[in-house]
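Heads up, the thing below is written out as structure tokens.
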Amino acid sequence: GKLTNLGVLSVSRNDLSGTIPSEMGKLTNLVHLFVYSNLLNGTIPSELALIENINKIQAHWNDFTGTVSEDFCELEELQDFSADCEQTD
């Protein structure tokens, strides 16, 4: 399934590893994304900023690197964004 009607995705504290798939940007009805306290790495995909009505993204306590896209600053509905990102040069 495509899960296009999914409004809340909560997979925190599950020891998930790997990256957040950029395809998650296609979940246009997603309002809350909770992926904190896992073993996720890579970058937080800028495609998540395509979800215009997303209100919360909690991605802290993972192993993300890089920078967070400035596109997230343009999301008018985004009230809560938390992530721990280690800067890389």
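See the values below:
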read-out	value
Members of the stretch 60-78 found to be within 23 Å of residue 3 (Cα to Cα) and open to solvent by 40 Å² or more (accessible area, probe 1.4 Å), listed by number	77
The listed residue being open to solvent by less than 40 Å² (accessible area, probe 1.4 Å) and touching a Phe, Trp or Tyr at 6+ places or on another chain (Cβ under 6 Å), out of 57, 20	57
Only listed residue being among the hydroxyl-bearing types (Ser, Thr, Tyr) and more than 14 Å from residue 83 (Cβ to Cβ), chosen from 22, 12, 69, 37	22
Number of the exception - residue 82 against (1) in contact with a His (Cβ under 9 Å, 6 or more places away or on another chain); (2) buried (at least 16 other Cβ atoms within 10 Å of the Cβ)	(2)
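The values are calculated or read from the model by the stated rules, or taken from the named source; none is laboratory data. Everything quoted here is computed from the prediction, not taken from an experiment. Using ideal geometry, Cβ is built from the backbone for each residue, glycine included, and neighbour counts are taken over all protein chains shown. Just the protein is used for accessible areas: all its heavy atoms, side chains included, with ligands, DNA and RNA removed. Shrake-Rupley method; radii C 1.70, N 1.55, O 1.52, S 1.80 Å.
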